[in-house]
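The values are calculated or read from the model by the stated rules, or taken from the named source; none is laboratory data. Just so you know, these numbers come straight off a predicted model, no measurement behind them. Don't worry about glycine lacking a Cβ; one is built from the backbone with ideal geometry, like all the others, and counts go over all protein chains shown. Surface areas here come from the heavy atoms of the whole protein model, side chains and all, with no ligands, DNA or RNA. Shrake-Rupley method; radii C 1.70, N 1.55, O 1.52, S 1.80 Å.
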Amino acid sequence: QVQLVESGGGLVEPGGSLRLSCAASRSGFKSVTMGWYRQAPGKNRDLVAGINSGGYGNYADSVKGRFTISRDVTKNTVYLQMNSLRPDDTAVYYCNTVPPGIVPWGQGTQVTVSS
């Protein structure tokens, strides 16, 4: 079964940057829209960015202009560049298909924005 492994999270000060990576254990996602989701404590898991097979990205209003999603199909990897991070970006970040459900959720990667 395909596995998605997220990495790149950590503790960063407000205004800082992080780059998240999501590696799929095998190929086959070239034509699938992929997305980054996040879940803060006590809140729902929400889609923050998606990228289609043509490389076009869509973003939630809360991250538009600060986050950039990209993909490298040769490496079966999706990235999320996060700039100008704010405390309300603190959450566990996951990747999955859009809509989710085709593959199991990974463990996610924790992003904490705090001074």
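The table for this structure:
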quantity	calculated
Å² of accessible area per residue within the chain, as computed with a 1.4 Å probe and no ligands counted	54
The stretch 27-109: C-alpha gyration tensor shape, a/c 1.5 cut-off, then a/b vs b/c	oblate
For peptides 23-33, 48-58, sequence by mean Cβ density within 10 Å, most packed first	48-58, 23-33
Cβ-based charge dipole, the chain, positive-most Cα from Leu11, Ser84, Tyr56	Tyr56
Percentage relative contact order, the chain, counting C-alpha pairs under 8 Å, at least six apart	37
For the stretch 1-57, size of Cβ-based charge dipole, Lys and Arg +1, Asp and Glu -1, in debye	160
DSSP bridge orientation in the chain - percent antiparallel, rounded to nearest 5	90
Nearby aspartates and glutamates by direct alpha-carbon distance to Lys30 (threshold 17 angstrom, same-chain neighbours under 8 apart not counted)	Asp72
Under the Karplus curve 6.51 cos²θ - 1.76 cosθ + 1.60, θ = phi - 60°, whole-Hz ³J(HN,Hα) for the stretch 19-29, x wherever Gly or Pro sits	10, 8, 10, 9, 9, 8, 6, 8, 7, x, 9
Percent accessible area from carbon and sulfur atoms, the chain, protein chains only, probe 1.4 Å	47
Rounded to the nearest 20 debye, dipole of the chain from Cβ charges on Lys, Arg, Asp, Glu	240
